[in-house]
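This report refers to the structure that appears directly beneath it.
The values are calculated or read from the model by the stated rules, or taken from the named source; none is laboratory data. The structure displayed is predicted, hence computed values, not measured ones. Because the Cβ atoms are built from the backbone with ideal geometry, glycine has one as well, and the counts that use them run over all protein chains shown. We work out accessible area using only protein heavy atoms, side chains counted, and drop any ligands, DNA or RNA first. Shrake-Rupley method; radii C 1.70, N 1.55, O 1.52, S 1.80 Å.
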Amino acid sequence: DTEVTQTPKHLVMGMTNKKSLKCEQHMGHRAMYWYKQKAKKPPELMFVYSYEKLSINESVPSRFSPECPNSSLLNLHLHALQPEDSALYLCASGTGTGVSNEQFFGPGTRLTVL
Amino acid sequence: GEDVEQSLFLSVREGDSSVINCTYTDSSSTYLYWYKQEPGAGLQLLTYIFSNMDMKQDQRLTVLLNKKDKHLSLRIADTQTGDSAIYFCAEKVAGNMLTFGGGTRLMVKP
């Protein structure tokens with residue numbers, strides 16, 4: 001299985017809602033990433049998990065809360081978001097170490113905050 | 001510095017070759033990557049090149065690396081309408097992170 005899957009595909013939420021984005025991979029990768037991508041822009045790194053521990057938080061507001069329950073799963077919990085948080089949220093996985101460290105991306109969750 | 005730059009747009013006719021260019025600034029980059037993103041989709045890794053290589057070919061794709069000028073290019077031979085997408089180059093930087101270019105939108109006209 002060489003896929004990274006993400007659910008849901010689309011999400012519309014109000015500013016007072018709490019929701020979660022989910023990501024799953026079964027490639028045995030030990031690094032997992034959350035990126036945010038605005039329209040016509042490159043992905044911006046948000047968080048990196050390495051061996052199920054948060055290793056990098058790129059100064060992301062606390063209304064975004066990542067969680068890595070096990071080596072295959074990565075969640076992003078959302079609470080009290082702002083309309084400017086509307087974007088495509090991409091999950092990726094990679095070996096995290098070793099030589100080339102390719103990152104493989106999921107299809108993304110298109111988030112709209114009303 | 002870790003800036004990666006790409007031209008915004010490229011238009012070609014079906015059957016022609018496309019060349020997408022990228023410049024980077026981090027001379028310590030060991031790997032450079034090309035990703036393709038179709039509308040509404042995630043990023044698909046197309047190919048990558050190690051910094052001690054000058055060229056890598058994979059079917060219709062040819063990657064050229066000029067390390068002295070910090071210039072990377074992706075050539076797509078016999079471009080098809082299905083190749084229309086945004087192409088991102090990225091470099092591997094410290095901490096196994098990727099720094100992405102701004103993306104080049106390739107439009108293929110029939």
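Quick look at the values:
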read-out	value
Unique residue being within 13 Å of another protein chain (Cβ to nearest Cβ), in contact with a Leu (Cβ under 6 Å, 6 or more places away or on another chain) and touching a residue at least 12 places away in the same chain (Cβ under 8 Å) when the list is A:GLU58, A:GLU24	A:GLU58
Residue among B:LEU106, B:LEU98 that alone is within 13 Å of chain A (Cβ to nearest Cβ) and in a strand (DSSP E or B)	B:LEU98
Residue match in the range A:68-78 (condition: closer than 16 Å to B:PHE88 by Cβ and touching a Lys or Arg at 6+ places or on another chain (Cβ under 6 Å))	no
The range A:33-47 residues that are closer than 16 Å to A:GLY94 by Cα, paired with ones that are not in a strand (DSSP E or B) (beta carbon under 7 Å, 6 or more apart)	A:TYR35/A:PRO43; A:LEU45/A:GLU58; A:MET46/A:GLU58; A:MET46/A:VAL60; A:PHE47/A:VAL60
Members of the range B:59-95 that are part of a strand (DSSP E or B) and of a type in the set (Lys, Arg)	B:ARG75, B:LYS92
Test for A:CYS68: is it more than 27 Å from B:ILE49 (Cβ to Cβ) and touching a Phe, Trp or Tyr at 6+ places or on another chain (Cβ under 7 Å)	yes
Residue in the range A:6-16 that is touching a helix residue (DSSP H, G or I) at 6+ places or on another chain (Cβ under 9 Å), touching a residue at least 24 places away in the same chain (Cβ under 8 Å) and not acidic (Asp, Glu) present	yes
Candidate set from the range A:4-19 (those that are touching a Pro at 6+ places or on another chain (Cβ under 9 Å) and outside any strand (DSSP E or B)); member that is most open to solvent (accessible area, probe 1.4 Å)	A:LYS9
Unique match (being more than 14 Å from chain A (Cβ to nearest Cβ) and exposed (fewer than 13 other Cβ atoms within 10 Å of the Cβ)) among B:ASP83, B:ASP54	B:ASP54
Filter pass, A:SER50 being farther than 17 Å from B:LEU43 by Cβ, within 12 Å of chain B (Cβ to nearest Cβ) and touching a residue at least 12 places away in the same chain (Cβ under 8 Å)	yes
Residue ranges of strands (runs of 3 or more DSSP E) in the range A:20-114 with at least 3 members open to solvent by less than 30 Å² (accessible area, probe 1.4 Å)	A:31-37, A:44-50, A:64-70, A:73-79, A:87-94, A:109-113
Spans of strands (runs of 3 or more DSSP E) in the range B:1-43 with at least 3 residues closer than 15 Å to B:ASP69 by Cα and of a type outside the set (Lys, Arg)	B:4-6, B:18-24
Long-range neighbours under 7 Å by Cβ, at least six apart or interchain, first residue more than 30 Å from B:SER28 (Cα to Cα) within the range B:67-85, second at pLDDT below 95	B:THR81/B:PRO110
Count of residues meeting criterion [open to solvent by 60 Å² or more (accessible area, probe 1.4 Å), at pLDDT 90 or above and closer than 22 Å to B:LYS92 by Cα] in the range B:1-47	6
